[in-house]
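**Student:** The structure follows.
The values are calculated or read from the model by the stated rules, or taken from the named source; none is laboratory data. All figures in this text were calculated on a predicted structure; none of them were measured in a lab. Neighbour counts are summed over all protein chains in view; Cβ atoms, including those assigned to glycine, are modelled from backbone coordinates with ideal geometry. Only protein heavy atoms, including side chains, enter the accessible area calculation; ligands, DNA and RNA are left aside. Shrake-Rupley method; radii C 1.70, N 1.55, O 1.52, S 1.80 Å.
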Amino acid sequence: MKILKTSSALALAIILAVACTSNPKGDEAKVSEAEEVSQAEGMEISVSSDEADMEFVGTKPTGRHYGNIALTDGSITIKDGKVTGGKFVFDLNQITITDLKDDKENHDKLVGHLQSDDFFDAKNHPQVTFELVSVKSLNPEKTADNYDSYQDDMEQPAEDEKIMELPQFELEGATHEVTGNLTMRGKTLAITVPAKIEVADNGVQAFTNFSIDRTKWGLMYGDESKAVDKAKDQFIYNKVGIGFNIDAKAENM
C-alpha cells in the first residue's frame, strides 16, 4: 500500500499560510454507526510502513495545511480477483506537515497541537484505524485487461497543479463503493466512500479521496458552527479531506 506523496493531488492537511476561502468540496463520506466486520476470506497481503500513510488537508478562511500520518500496520485480503477485507492502523505520533517541512519550528508546533487534546488526543488515543466492512462493485465490466489504463489514471499531477486541485477531493471514474469503520479519538463510525479498485495478476491498486466532518469524531477545536462576530475569521472548517492510495505489487503477495 502506498499513499500519494507531496507531488500528488492529495498531498493533504489541517490549517496553512496560503489563501483559501472555502472548505474542501467534493465527495463527502456518508457517515453512520459502526458496522460489524466479518472475517475476510482469501489471501491476506501485508502492507509495510514504507508503502503507505494517510494524507489529509484542512482549511480555514485564511489558509490551509496538508500532511500525512504514517502507517504502522496494514493488510488487505483478496479472493477471486476481489478485495474482501483490509485493516490499516496509523500512528498519530508520526504526523508530518508537508507544507511546513522546511520550517521546523512551526512544523513541530502544529504537530504538537494536532496531537493535543484540542484535536486527536494522541496521548490517550495514539492511533487512527480504518477497517473494511464491504466493497461493492459499481463497474463490473472493468477487468485486468485495462489495468494499464487504470494505472495511467493514477498518475500524479505536476507540482504546479497540486495547490489548485487540493480543495476539491472529487473522485472521477469510481469503480467501487467502499464501507469501513474509521476510528479516531476513541470513536468509531462507519463511512461509505467511492473508490477506484483494480485487482490484476501484477498487483492491486485502490484509491479514494473524500471529506469528512471532523466534529463527528470529537475533533471540536475551532468548530466553525461556533464562529460568531470577531471569531468568524478564526475558525477551522469542519470538513477535512482524506486520501488513501493502495499500491500492492505482486512481489508483496
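**Student:** What ranking do 127-137, 235-245 get when scored by the average of other Cβ atoms within 10 Å per residue, highest first? Please list the in-between numbers first.
**Tutor:** Values: 127-137: 17.4, 235-245: 23.4.
The peptides rank, most packed first, as 235-245, 127-137.
**Student:** Could you give the length gained on full extension between LYS123 and VAL37, defined as 0.36 nm per residue of separation minus the Cα-Cα distance, in nm?
**Tutor:** Answer, rounded to one decimal: 28.3 nm.
**Student:** Enumerate the residues in the stretch 94-123 having an amide nitrogen under 12 Å from the point lying 7 Å beyond the Cα of LYS226 toward its Cβ.
**Tutor:** Zone members listed by number: 118-119.
**Student:** Sorted by accessible area with a 1.4 angstrom probe, largest first, how do ASP80, ASP213, ASP118 fall?
**Tutor:** The ordering from most to least exposed comes out as ASP80, ASP118, ASP213.
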